[in-house]
Amino acid sequence: MNTTAVDLHIRAASPGAPTLETGCVLEAGRASLILLGRGCRWHAQPAASCLLAPQKGDEVLFAPLPDGRAFVLAVLTRGESEAVLHFPHGATLNSPLPLRLNSATALRLTAPETGLDAARLEVRAAKAQAVLGECGLLARTLRAAGQRLEQTFERLTARLGSSVRLVRGHDETQAASSRLSVSGQAAVQAGGIEQTAAEIVRIDAPQVHIS
């Protein structure tokens, strides 16, 4: 039988129960495959249960049907190329027990939009880096504990109902200019206060009490 590229033959199995055949993938598209099996070329489609997307050069198990269709049921052998799981209509993983993803090198999630819903979230990392174009955070309670924290912002705007900072060691702020505005009462308590200005120190109030 002529099996040249210009003569793609669709072979129908003889009437009766479907059979299982092995073949090699010659061409792999999004929804169709061209296989070479038993000296013939077959037009086939990945079966819904074949989650591993067939690629060119794979040895596959396929079933030709009496109506002329053929479905790839499984990928038998694969080279060193990356395995791809194909879900054309999306997928949901359900498990009543813990579900884990383990990788010896790296784990990456890529999506235009990613959502995470959890009653409890725990993250442990020896080193973390985040690059965000825009970030919004809404939390009832936020606790951060670390031996060292470095933050670099072009602009930072925070609106808090209340805020409490406890620094056990040294606390230092450096800025080109600084302004503190308090609508109510402001109190500063310290063992000693030292203020140094290069030019002017000004205190403006209807009453000033120094004791």
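Over the Cα atoms of segment 102-160, the radius of gyration divided by the Kirkwood radius equals 0.94; this is the Rg/Rh ratio. If Lys and Arg each add +1 and Asp and Glu each add -1, what is the summed charge of the other residues whose beta carbon sits under 14 Å from the beta carbon of L73? Local net charge: -2. Here's the picture: charge each Lys and Arg Cβ at +1 and each Asp and Glu Cβ at -1 in the chain, and of V60, P206, V131 the one pushed furthest to the positive end of that dipole is P206.
DSSP finds beta bridges in the chain, and of those with both partners inside it, around 90 percent are antiparallel.
For the chain, what is the Kirkwood estimate of the hydrodynamic radius, computed as the reciprocal of the mean inverse distance between distinct Cα atoms, to one decimal in Å?
After inverting the mean inverse Cα-Cα distance, the result is 25.6 Å.
Cβ-Cβ distance of A126 and E150, R₀ of 22 Å, FRET efficiency by 1/(1 + (r/R0)^6): the value works out to about 0.90. Two numbers describe the Cα atoms of segment 53-115: Rg and Dmax, which are 16.3, 46 Å. Figure note: C24, C135, C50 ranked by solvent-accessible area, largest first, 1.4 Å probe, ligands and nucleic acids not counted: C135, C24, C50.
Computed from the C-beta positions of E113 and S32 and an R0 of 25 Å, the FRET efficiency is 0.25 to the nearest 0.05. Taking every DSSP beta bridge that has both ends in segment 15-139, the antiparallel portion is near 90%. Given the Cα atoms of segment 131-208, and with Rh set as the inverse mean 1/r over their pairs in the Kirkwood sense, what is Rg to Rh to two decimals? Dividing the radius of gyration by the Kirkwood radius yields 0.98. Computed over neighbours whose Cβ is under 12 Å from that of E59, the net charge equals 0, Lys and Arg +1, Asp and Glu -1. A Förster distance of 22 Å, applied to the separation of the beta-carbon atoms of T105 and R78, puts the FRET efficiency at 0.70.
Counting GluC sites (Glu not before Pro) as exposed when in a DSSP loop with at most 11 other beta carbons within 10 Å, what is the longest stretch of the chain free of them?
In the chain, the maximal stretch lacking such sites is 1-79.
From the alpha carbon centroid of segment 32-58 to that of segment 138-197 is 63 Å.
Accessible area per residue (1.4 Å probe, heavy atoms of protein chains only) ranks D58, D171 as D171, D58, with the largest value leading.
For L99, the solvent-accessible surface with a 1.4 Å probe is about 120 Å², rounded to the nearest 10. Relative to its residue count, segment 164-211 spans a Cα convex hull of 162 Å³ per residue. Taking a sphere under 14 Å around the Cβ of L149 and counting the other residues whose Cβ falls inside, with K and R at +1 and D and E at -1, yields a net charge of +2. Ligands, DNA and RNA aside, F153 has an accessible area near 110 Å² when probed at 1.4 Å.
Using heavy atoms of the protein chains and a probe of 1.4 Å, the accessible area assigned to V123 is about 120 Å². Taking Cα centre as origin and charging only the Cβ of basic (Lys, Arg, +1) and acidic (Asp, Glu, -1) residues, the dipole magnitude of the chain rounds to 420 debye.
The values are calculated or read from the model by the stated rules, or taken from the named source; none is laboratory data. What you see is a predicted model, and the numbers here were worked out from it, not measured in a lab. Methodologically, a virtual Cβ is constructed for each residue, glycine included, from the backbone with ideal geometry; neighbour enumeration extends over all protein chains shown. Each accessible area value is taken on the protein alone, full model and side chains, heavy atoms only, with ligands, DNA and RNA left out. Shrake-Rupley method; radii C 1.70, N 1.55, O 1.52, S 1.80 Å.
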